1. One residue is enough: does the stretch 44-56 have a residue meeting the conditions modelled with pLDDT of 80 or more and assigned to a helix (DSSP H, G or I)?
2. Is it true that residue 133 is within 16 Å of residue 16 (Cα to Cα), part of a loop (DSSP other than H, G, I, E, B) and outside the structural domain of residue 5 (by TED's automatic domain parsing)?
C-alpha cells in the first residue's frame, strides 16, 4: 500500500497546485503530471539491477500514476458535492477557514469514501488520509481529518468497519 500512498501524496500536490492557481482544468492537471515527479518515479535506479524488477516497477509506476490522476480528476469533477459533504461534517469550520492542505486531503478522502468505496475499503481511505495528513498537515491535522471523514462516511451510509476487535468468550467444556 506504500505505492498507493505515494499516489495519494502526488494527488494532494496536484490539488494544491490547482487550488493555488485557481485553475481546475484538465490542462492544469496534465501540466502537473507531465512536469513534476509522479509516484515512485524516484525509484528508477533499480533498472540497472534486474530487467524483471524494472518491468514490475515500471508497471507499478504506471498503475500509481493512473490512480493519482483518477483521484485528482475525480475531485475536480465532483468538487461541489465533496465540498458540501465536508461543510456539513465540519459544523464549526468553514472551508475557507481550513488550511489548503487539510481541505485537499479532505477532498481526496471524501472522494474515495463517496465514489470509490467499491474499490477502496472505507477504513483504508480513512487511514490513508490520516497518514498523508501526518506528513503534509499540521500537528492537529490527523485528528481533524479523521473526525470529518468519519462523519462523512457515517452520514453517507457507507459501511465503516468497527475499529474494535470483538471479544470472543472462551467456553470451556467441563
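The values are calculated or read from the model by the stated rules, or taken from the named source; none is laboratory data. Remember, it's a predicted structure, so these values are computed and weren't measured experimentally.
1. no
2. So residue 133 fails the test.
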